[in-house]
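The values are calculated or read from the model by the stated rules, or taken from the named source; none is laboratory data. Values in this document were obtained by computation on a predicted structure and should not be read as measured data. Using ideal geometry, Cβ is built from the backbone for each residue, glycine included, and neighbour counts are taken over all protein chains shown.
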Amino acid sequence: MRLAAAAILGVLGLLATSAAAAGPAGGEFLVFSRCKPGMKAQCDRWYAKHLRDITRIEGVASARQYEVVPVQGRDGMKKDRLIVYQLVGDPSVVLARLRPAVEAGRLQSPDPKLFETPFETVVVRAADPEGHAAAP
């Protein structure tokens, strides 16, 4: 359990660093992960609970999981999942709330028996403040 807690706390430090560059306008926090071979069902159960729990954290408006789809002729990613967290407010502040939630037992650490590490993370937001796609 200590290894799992250390892993998530390390990820949370990286998350706060990623968020600092995004500033106060909110955005999407993207997390790319990969389940260990043979652990897909367990990863699905872990994420089902995690997605419910994390949206209880102030500033995390929603969370959605995606599977990376292999496409012939395209270089594949090393990760098989993408989790998109919609953040409201300053991403640095929102992501800083995760560590205390883990330490208080309100948010579960990723189990290193289930996931390959490290996770890859980035905070993004639309380039246009109104969210419209740029004209070609």
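Okay, here's what the table says:
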item: Matching residues in segment 89-124 - criterion: being within 18 Å of ALA61 (Cα to Cα), in contact with a helix residue (DSSP H, G or I) (Cβ under 9 Å, 6 or more places away or on another chain) and among the basic types (Lys, Arg); result: ARG99, ARG106
item: Members of segment 55-78 found to be within 19 Å of ARG34 (Cβ to Cβ) and either of a type in the set (A, V, I, L, M, F, W, C) or in contact with a Ser or Thr (Cβ under 6 Å, 6 or more places away or on another chain) (or both), listed by number; result: ALA63, VAL68, VAL69, VAL71, MET77
item: Residue in segment 36-73 that is nearest to ILE83 (Cα to Cα), counting only those that are in contact with an Asp or Glu (Cβ under 8 Å, 6 or more places away or on another chain) and modelled with pLDDT under 95; result: GLU67
item: Segment 98-114, residues that are outside any helix (DSSP H, G or I), under 15 Å from the mean Cα position of the chain (by Cα) and buried (at least 17 other Cβ atoms within 10 Å of the Cβ); result: LEU107, SER109, PRO110, ASP111
item: Within segment 64-87, considering residues that are within 11 Å of the chain's Cα centre (by Cα) and of a type in the set (Val, Ile, Thr), the one farthest from VAL123 (Cα to Cα); result: ILE83
item: Number of the exception - ALA25 against (1) of a type in the set (A, V, I, L, M); (2) surrounded by fewer than 16 Cβ atoms within 10 Å (Cβ to Cβ); (3) more than 18 Å from ALA126 (Cβ to Cβ); result: (3)
item: Within segment 88-112, tally of residues that are among the small types (Gly, Ala, Ser) and more than 17 Å from VAL123 (Cα to Cα); result: 4
item: Test: residue in segment 34-51 that is free of Cβ contacts under 8 Å to residues at least 40 places away in the same chain, surrounded by 13 or more Cβ atoms within 10 Å (Cβ to Cβ) and either in a loop (DSSP other than H, G, I, E, B) or at positive phi (or both); result: no
